[in-house]
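Colleague: Quick one: structure below, then a few questions.
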Amino acid sequence: MCGLSGEVRFDGRHPDLAAIERMTDNLEARGPDGRGAWSQGPAALGHRRLKIIDLTENGAQPMTDTRAGITGVFNGCIYNYKDLRRRLEGLGHRFFSDSDTEVLLKAYAEWRTGCVEFLYGMFAFAVVEHHTGRTVLGRDRLGVKPLYVNQTAERLRFASSLPALLAGGGVNTDLDPVALHQYLSWHGTVVAPRTVLAGVRKLAPATVRVIERDGTYRDHCYWQPSYTRRADFGADPAAWQDAVLDALRTAVRRRMVADVPVGVLLSGGLDSSLIVALLAEAGQQDLTTFAMGFEAENGEEGDEFAYSDLVARQFSTDHRQFMIPSDRLPTALDAAIAAMSEPMVSHDSVAFYLLAEQVTKDAKVVLCGQGADEVFAGYHWYPRIASADRADASDSYSDVYFDRSHADLLRMVRPGVLTGPDPSRGFVRAHMAAPGAESALDAALRLDVHAMMIDDPVKRVDNMTMAWGLEARVPFLDHELVELAAACPPELKLADGGKGVLKGIGRRILPRQVVDRPKGYFPVPAVRHMAAPVLARVRAALSAPEARRRGIFEQDFLDALLAAPDLHRTKRGANTLWQVASLEMWLQAHGVD
């Protein structure tokens, strides 16, 4: 896990090395253990390293393979790198390090852009071919690792975070009106390739981009599972549970590869508890688990320690608990927003930020349960979508998922900020209508897993953990497990109130109280209910000169929100004031005028 940056010129000039320095410096938190740079001809690369595999300097980046004539930078982890290395050695390749980065370079030398088919893991990379001047960017199948790009007629820049590109300079920071519409429609989510800034895009998941020396490029999507049925298991719940359990065992085992200890973020929910149980089953010794809670606010409890304690006792983990007082939130709030590559609404961002701060004192790698709700249909709105006819899937999804209607959204913003028809509904309509999804629920899960999830919970975990140099791995986003789940009959996923297949597995290996508990979230009551310190910070942001100059929202609308900060809610119950304030606070934190 690291941070990468780079620039490629198309106009015959040399790269701006000072800009590369600034971008690389901005990524220090993602890679506190090392720093490197490389430049040749029209290309330059920068890198910040977090030492997880091959702790020696042999694994330093940027890394060059002189025989193949390529140099690359890499962020992430190739879980099958040892097996892949043996295969490449059989094909005649020789290695000077024990790193997965070198395996990636040799794989590229052997299979070029087809190398991604062989990589099991989370990754974003850039490879420069010395002799052709071609640059290749790649991103993992589920978009766990980010890659942002800023391209003009003269040059291309790329980095592991959007703020790193801003540090490089020369970015168009106008708001993208379509992205703003998505943000206000989908509780802060802006899906690839857009970002909230018009001058920055992100490489889509499961995509390889080949950029020629003149700046022309082509994208190739190399993976998309089919959300249709398979005949081998039929609709037998026991057979599906067995298959998913085997796949989950493999997913967890893969993510234990490291030259440093690996822990688990244990919320006490079904998903993280399953990970702990499977590690214990595999004989993992001295496993450290981590849990966090917040003070109660407005009658809402802020911790789930009773459940995480239960799991920790059953599987004899070295369990660490952290209780965060509410008066820490205002400072942490600003720090968490500064750590966001893009503005995010979910109030548990600050929870992950504060948890990562504590965990990184004891670990550099953790497993977490993100993704299970999307992959196995755990959210409460999925049954309503499943009841719709396939032809009505788009309308059903929009009714339950969107924060507000297009008409309501237009009443929030000032005239001219948004133009044209409803782009968010159009996006959903196109995705839901695409072939390869059998039922309305299949189409909804495909959209959530391959678009919405990547730019909400997945991005949230990456941003908040990497702010502290902590690598988070997500077994439920193992691509083979996702392929299997995509083929699982919807009724088995929806059974037992959602995630029926996982609950069936849980009843075999977990305490029943954990499996049968009401679904929980990572609660931060002080944010959800706009406690006094949080509300004061929000008022300051929305009344700042920058906010007034920007003028995104109607003043009457803002006044109504501030007059009753805990009253105005989206269709799914989120705090509207927090959604509005998060955007403005992020823009101010990153100096966007």
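Colleague: May I ask you to list pairs of residues, at least six apart or on different chains, whose Cβ atoms are under 7 Å apart, with the first in region 102-114 being in contact (Cβ under 8 Å) with a residue 12 or more places away in the chain and the second being hydroxyl-bearing (Ser, Thr, Tyr)?
Modeller: Final answer for the pair search is Val103/Tyr81.
Colleague: Still on this structure: Of (1) of a type in the set (D, E, K, R); (2) part of a loop (DSSP other than H, G, I, E, B); (3) touching an Asp or Glu at 6+ places or on another chain (Cβ under 7 Å), Asp566 satisfies all except one. Which?
Modeller: (3)
Colleague: Could you grab the pairs with beta carbons closer than 7 Å, sequence gap of 6+ or different chains, first residue in region 61-78 and surrounded by fewer than 24 Cβ atoms within 10 Å (Cβ to Cβ), second one outside any strand (DSSP E or B) and among the small types (Gly, Ala, Ser)?
Modeller: Matching pairs, first to second residue: Asp65/Ala109; Ala68/Ala109; Ile70/Ala109.
Colleague: Of all residues in region 195-206 being closer than 15 Å to Pro343 by Cβ and under 15 Å from the mean Cα position of the chain (by Cα), which is surrounded by the most Cβ atoms within 10 Å (Cβ to Cβ)?
Modeller: We begin by selecting, within region 195-206, every residue closer than 15 Å to Pro343 by Cβ; these are 195-198, 200, 202.
Now narrow it down to the ones that are under 15 Å from the mean Cα position of the chain (by Cα): 195, 202.
Working: Thr195: 24, Lys202: 26.
Ranking the candidates gives Lys202 first.
Colleague: Restricting attention to region 494-553, report how many residues are touching a residue at least 60 places away in the same chain (Cβ under 8 Å), aliphatic (A, V, I, L, M) and open to solvent by less than 20 Å² (accessible area, probe 1.4 Å).
Modeller: 12
Colleague: Before we move on, is Glu491 assigned to a helix (DSSP H, G or I), under 26 Å from Phe118 (Cα atoms) and open to solvent by 10 Å² or more (accessible area, probe 1.4 Å)?
Modeller: Numbers: assigned to a helix (DSSP H, G or I): yes; under 26 Å from Phe118 (Cα atoms): no; open to solvent by 10 Å² or more (accessible area, probe 1.4 Å): yes.
Considered against the rule, which asks whether it is assigned to a helix (DSSP H, G or I), under 26 Å from Phe118 (Cα atoms) and open to solvent by 10 Å² or more (accessible area, probe 1.4 Å), Glu491 comes out as no.
Colleague: If a residue has to be part of a loop (DSSP other than H, G, I, E, B) and either on the phi > 0 side of the Ramachandran plot or hydroxyl-bearing (Ser, Thr, Tyr) (or both) to count, how many in region 259-290 make the cut?
Modeller: Residues that pass the stated criteria total 4.
Colleague: Here are some conditions: (1) on the phi > 0 side of the Ramachandran plot; (2) crowded, with 22+ Cβ neighbours inside 10 Å; (3) not aromatic (Phe, Trp, Tyr). Gly92 meets all but one. Which one does it not meet?
Modeller: So Gly92 meets the others, but not (2).
Colleague: Has region 32-46 got any residue that is out of contact with any Phe, Trp or Tyr (no Cβ under 9 Å at 6 or more places or on another chain) and buried (at least 22 other Cβ atoms within 10 Å of the Cβ)?
Modeller: Checked region 32-46: at least one residue is out of contact with any Phe, Trp or Tyr (no Cβ under 9 Å at 6 or more places or on another chain) and buried (at least 22 other Cβ atoms within 10 Å of the Cβ).
Colleague: Are any residues in region 399-429 within 21 Å of Ala377 (Cα to Cα) and surrounded by fewer than 19 Cβ atoms within 10 Å (Cβ to Cβ), and if so, which ones?
Modeller: Asp399, Val400, Arg429
The values are calculated or read from the model by the stated rules, or taken from the named source; none is laboratory data. This structure is a prediction, so every number in the text was calculated from the model and none was measured. Don't worry about glycine lacking a Cβ; one is built from the backbone with ideal geometry, like all the others, and counts go over all protein chains shown. Heavy atoms of the whole protein, side chains included, go into the accessibility calculation; ligands, DNA and RNA do not. Shrake-Rupley method; radii C 1.70, N 1.55, O 1.52, S 1.80 Å.
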